[in-house]
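Peer 1: Take this structure first; my questions come after.
The values are calculated or read from the model by the stated rules, or taken from the named source; none is laboratory data. The structure presented is a predicted model; accordingly, all values stated were derived computationally and were not measured. In this analysis, Cβ positions are derived from the backbone assuming ideal geometry, glycine residues included, and neighbour counts consider all displayed protein chains. Protein only, heavy atoms only, side chains kept; ligands, DNA and RNA dropped before computing areas. Shrake-Rupley method; radii C 1.70, N 1.55, O 1.52, S 1.80 Å.
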Number of protein chains: 2
Amino acid sequence: MATMHDVANLAGVSLSTVSYALTGVRPVSEKTRARIQAAMDQLGYQRNAIARSLASRRTHILAMLFPAIERGLSGTALEFVTSAAETARERGYHLVLWPVNDQEGHETRELLQQGLADGALVMEVRLDDPRVALLHEVGTPFTLIGRTEDPDTLHYADIDFETTVRDALDHLTALGHRDIALLSHSRASLDAGYGPTVRVGAAFERYMTERGLSVVVRHCDESADAGRIATAGLAASHPRVTALMTMNDAATFGAMAELLERGKRIPDDMSVLSIVSSPRVGALSHPRLTTMSAPGTELGRLGVTSLIAQIEGTGATALHTLIPCRLDVQSTTGPARLPMNHTP
Amino acid sequence: MATMHDVANLAGVSLSTVSYALTGVRPVSEKTRARIQAAMDQLGYQRNAIARSLASRRTHILAMLFPAIERGLSGTALEFVTSAAETARERGYHLVLWPVNDQEGHETRELLQQGLADGALVMEVRLDDPRVALLHEVGTPFTLIGRTEDPDTLHYADIDFETTVRDALDHLTALGHRDIALLSHSRASLDAGYGPTVRVGAAFERYMTERGLSVVVRHCDESADAGRIATAGLAASHPRVTALMTMNDAATFGAMAELLERGKRIPDDMSVLSIVSSPRVGALSHPRLTTMSAPGTELGRLGVTSLIAQIEGTGATALHTLIPCRLDVQSTTGPARLPMNHTP
DNA sequence: TTGTACGCGTTATCAA
DNA sequence: TTGATAACGCGTACAA
């Protein structure tokens with residue numbers, strides 16, 4: 001590949017003039033600029049990204065920290081990654097994937113300290129996420145996709161779980177449901193302080209309690225079988241439940257299968273509302289699932305934009321954005337009828 | 001951050017000795033090595049990735065080229081990306097996402113010529129993919145995930161569609177099916193020479209013809225609605241069909257919904273076999289879908305491994321690997337019964 | 001076994 | 001408006 005040196009020679013100017021013509025940091029006369037441009041075209045010149053990074057101390061690389069394996073990245077995560085990568089591209093940045101899962105953060109710290117990335121996008125955030133302290137210590141700008149327990153001093157974009165749960169339950173109660181159960185993520189994720197599990201659980205409890213309704217929660221793993229088992233247990237212990245709020249696609253489908261096999265009609269005997277999901281997933285079920293769709297694309301775009309703003313020192317205001325899931329009413333929610341297990 | 005210079009000073013040795021201690025390219029006495037190690041520990045030293053790249057002319061960055069938007073990356077793609085990123089990490093490489101979709105390849109070429117990536121992983125490969133020529137021209141090592149029409153001189157890992165289709169149809173014919181229809185990707189993807197669409201179509205036609213069975217193919221977009229419409233059309237035009245081979249998750253679920261609404265029982269009236277899918281997706285349906293799962297994880301691992309081998313000049317043999325999808329028999333395939341629309 | 005010095009391709013400072 | 005030239009931090013011939 002041609003270097004700036006080659007361009008300078010061919011154009012008959014100094015190396016620094018070529019650089020300035022490119023960066024625009026200092027004025028260059030129209031004539032020499034034209035000569036330089038001609039030389040660059042002739043040589044098919046492209047600036048070397050690595051050399052630029054070394055000299056400018058800015059790599060234009062953003063790292064995405066995602067502890068992948070845990071629950072097997074969901075479809076929403078894919079939307080998010082795609083959106084983040086595209087936004088980065090548009091702004092002249094690159095997104096690298098760091099599927100690191102170290103508890104002590106040794107590997108993460110090493111990666112950060114290599115200086116490859118200008119900033120980090122932190123995924124799968126827990127309430128007491130140790131990566132926050134790590135990133136502060138290393139001095140890497142970062143934006144959380146999710147948030148810790150007390151994130152006021154941090155930059156974050158997250159799902160507004162409180163509003164999402166309220167909207168979900170408003171939808172169900174407006175249909176007359178009063179016995180509503182939450183089918184949540186695994187208990188392990190709750191114990192780990194995984195944001196969505198904790199916040200949805202808390203919001204659910206608050207909402208139901210405020211209205212004098214009983215709080216029924218079942219935790220289950222990300223699998224159809226786990227969903228079936230949890231639903232079977234629910235049918236036994238809480239036969240009056242008429243609506244299920246779920247937040248776990250695989251389990252949701254398992255739950256519906258179990259209901260159907262028990263002769264329950266959806267939504268006549270049981271309404272099912274899947275939050276933190278997507279219409280695309282909802283369209284897979286029959287009858288079509290009423291969902292509340294996670295704003296993956298928006299979060300990706302916002303997170304990257306905020307991170308770049310931090311890195312470049314522009315956009316002074318911190319990112320503190322919460323976006324609720326959007327309700328897409330389809331065919332699995334309907335008026336409350338008879339309680340579960342009730343046979344007239 | 002501390003530099004090698006700092007380490008050398010603290011350890012009382014020359015800069016190059018530190019470098020050699022780190023790379024191991026030339027022997028360093030045990031004593032000095034220990035002093036250097038102590039200095040590094042004390043300073044929390046990490047080598048600067050960018051400076052290393054500039055000096056060694058190797059970035060340890062792999063670029064993943066994915067024209068994302070087209071059909072909206074599938075669940076399999078996510079598996080693939082995760083696996084590729086993890087494999088790269090294990091080998092000390094980084095995976096950057098380049099969601100570039102330019103027909104003329106201008107942006108792709110510019111990116112490549114910046115010298116950021118040591119090599120490229122090419123996704124969504126078409127039979128006459130122009131990126132192959134581009135990559136050759138630029139001189140960037142690459143591995144295809146997929147393959148062109150005549151890929152013998154290239155490195156690739158792809159799904160073995162021929163075997164997959166044969167296994168799928170063997171499964172169906174063994175159950176007695178003779179009237180089998182293929183529900184494929186969109187016609188646009190076929191016209192664009194998208195590998196999976198073309199190869200599955202060709203294999204299907206060959207297999208069926210060889211056995212004297214009629215070839216029925218329907219193309220439809222990646223949506224449940226498209227699947228329903230295609231299935232409705234099929235019911236009208238080919239009522240004798242008793243088995244559906246699909247390769248498009250959303251459409252598959254749409255097709256099943258349409259069948260159920262028409263009062264068809266699955267698999268009693270119609271078997272459904274979804275190829276290039278996954279058991280995870282299959283578990284979402286009720287009854288559970290018989291699938292043939294795409295080897296996303298394996299392809300990701302193989303692709304990255306091959307690419308690194310090319311870059312590092314090791315592993316002389318070219319990667320020419322085809323992996324068939326694995327059959328997971330569940331509840332949507334069963335013995336052939338009466339033809340569709342037949343009412344005794 | 002160790003040290004010196006040059007090169008990697010830019011950016012940015014200092015002069016002119 | 002332009003030109004030298006010193007960083008940037010490390011890898012590696014060449015010398016000792």
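Peer 1: Using Cα-Cα distances under 8 Å and only pairs 6 or more residues apart, what relative contact order does region B:26-120 have, in percent?
Peer 2: 36
Peer 1: A further question on this structure: Can you tell me, using C-alpha contacts under 8 Å and at least 6 residues apart, the relative contact order of region B:197-283 as a whole percent?
Peer 2: Computed value for region B:197-283: 26 percent relative contact order.
Peer 1: Accessible area, 1.4 Å probe, largest first: how do A:ARG337, A:ARG33 sort?
Peer 2: Reading off the accessible areas and sorting them downward yields A:ARG337, A:ARG33.
Peer 1: Just by accessible area at a 1.4 angstrom probe, what is the order of A:VAL81, B:VAL138 from largest to smallest?
Peer 2: These residues rank, largest area first, as B:VAL138, A:VAL81.
Peer 1: Say a label goes 7 Å from Cα toward Cβ at A:ARG91 in every copy; what distances in nm does this one have to the rest, shortest first?
Peer 2: Taking the point 7 Å beyond Cα along Cα→Cβ, the inter-copy spacings are 3.1 nm.
Peer 1: Further, regarding this structure: Which far-off residues, 5 or more places away or on another chain, put their amide H under 5 Å from the one on A:VAL241, with H placed in the peptide plane?
Peer 2: Hits under the 5 Å cutoff: A:MET340.
Peer 1: Explain nothing, just the number: dipole magnitude of region B:18-173 about its Cα centre with +1 on each Lys and Arg Cβ and -1 on each Asp and Glu Cβ, in debye rounded to the nearest 20.
Peer 2: So the magnitude is around 1520 debye.
Peer 1: Hey, can you grab everything whose amide H is under 5 Å from the amide H of B:MET270? Only 5+ residues off in sequence or another chain; H modelled, so Pro and N-termini drop out.
Peer 2: It is B:ARG265, by chain and number.
Peer 1: Here's something else I'd like to know. Of all DSSP beta bridges in the protein assembly as shown, what percent run antiparallel (nearest 5)?
Peer 2: Of the beta bridges lying entirely in the protein assembly as shown, close to 15 percent run antiparallel.
Peer 1: Taking N as the number of residues in chain B, what value does Rg over Cα atoms divided by 2.2 N^0.38 Å take?
Peer 2: Rounded to two decimals, the normalised Rg is 1.28.
Peer 1: State, to one decimal in nm and shortest first, how far the label point of A:ASP170 sits from each corresponding label point in the other identical copies (label point: 7 angstrom along Cα-to-Cβ).
Peer 2: For A:ASP170, the inter-copy label distances come out at 5.8 nm.
Peer 1: Compute, for chain B, the length of the dipole vector about the Cα centre, with Cβ point charges of +1 (Lys, Arg) and -1 (Asp, Glu) only. Units Debye, rounded to 20.
Peer 2: 820
Peer 1: Got a number for the accessible area of A:ASP150? Probe 1.4 Å, square angstrom, nearest 10.
Peer 2: 110
Peer 1: Rolling a 1.4 angstrom probe over the protein chains, ignoring ligands and nucleic acids, what is the accessible area of B:ARG58 in square angstrom, nearest 10?
Peer 2: For B:ARG58, the solvent-accessible surface is approximately 90 Å².
Peer 1: Mind putting a number on the dipole of region B:23-112 about its Cα centre? Charges go on the C-beta only, +1 for Lys and Arg and -1 for Asp and Glu, and I need it in Debye to the nearest 20.
Peer 2: I would put it at about 820 debye.
Peer 1: Let me ask another. What are the ³J(HN,Hα) values, in whole Hz, obtained from phi via the Karplus relation 6.51 cos²θ - 1.76 cosθ + 1.60 with θ = phi - 60°, for each residue of region A:76-87 in sequence order, with x given for Gly and Pro?
Peer 2: 4, 4, 5, 3, 4, 4, 4, 4, 5, 5, 5, 4
Peer 1: Within chain A, what percent of beta bridges assigned by DSSP are antiparallel, to the nearest 5?
Peer 2: 10
Peer 1: Can you list the copy-to-copy distances for A:ARG211, using a point 7 angstrom from Cα toward Cβ, in nanometres, shortest first?
Peer 2: Listed shortest first, these distances are 5.4 nm.
Peer 1: In addition: Roughly how far apart, in whole Å, are the Cα centres of region B:2-59 and region A:79-139?
Peer 2: When both Cα centres are located, 26 Å separates them.
Peer 1: Among A:SER331, A:THR59, A:SER271, which residue has its Cα positioned farthest towards the positive end of the charge dipole of the protein assembly as shown, with +1 placed on the Cβ of Lys and Arg, -1 on the Cβ of Asp and Glu, and the dipole taken about the Cα centre?
Peer 2: The one lying farthest along the dipole's positive direction is A:THR59.
Peer 1: Let me ask another. Between B:SER306, B:HIS155, B:GLY176, whose Cα lies farthest towards the positive end of the dipole of chain B when Lys and Arg beta carbons carry +1 and Asp and Glu beta carbons carry -1, centred on the Cα centre?
Peer 2: Result: B:SER306.
Peer 1: Right, here's the next one. Check which residues have an amide H placed less than 5 Å from B:SER331's amide H, if you skip close sequence neighbours.
Peer 2: For B:SER331, whose amide H was placed from the backbone, the distant partners under 5 Å are B:ARG288, B:LEU289, B:THR290.
Peer 1: Choose one answer from B:PRO239, B:PRO67, B:PRO27: the residue with the largest mean-square fluctuation in a GNM of chain B with alpha-carbon springs under 10 Å.
Peer 2: In this elastic network of chain B, the residue with the biggest mean-square fluctuation among B:PRO239, B:PRO67, B:PRO27 is B:PRO27.
Peer 1: Ignoring ligands, DNA and RNA, how do B:GLU79, A:GLU258 rank by accessible area with a 1.4 Å probe, largest first?
Peer 2: B:GLU79, A:GLU258
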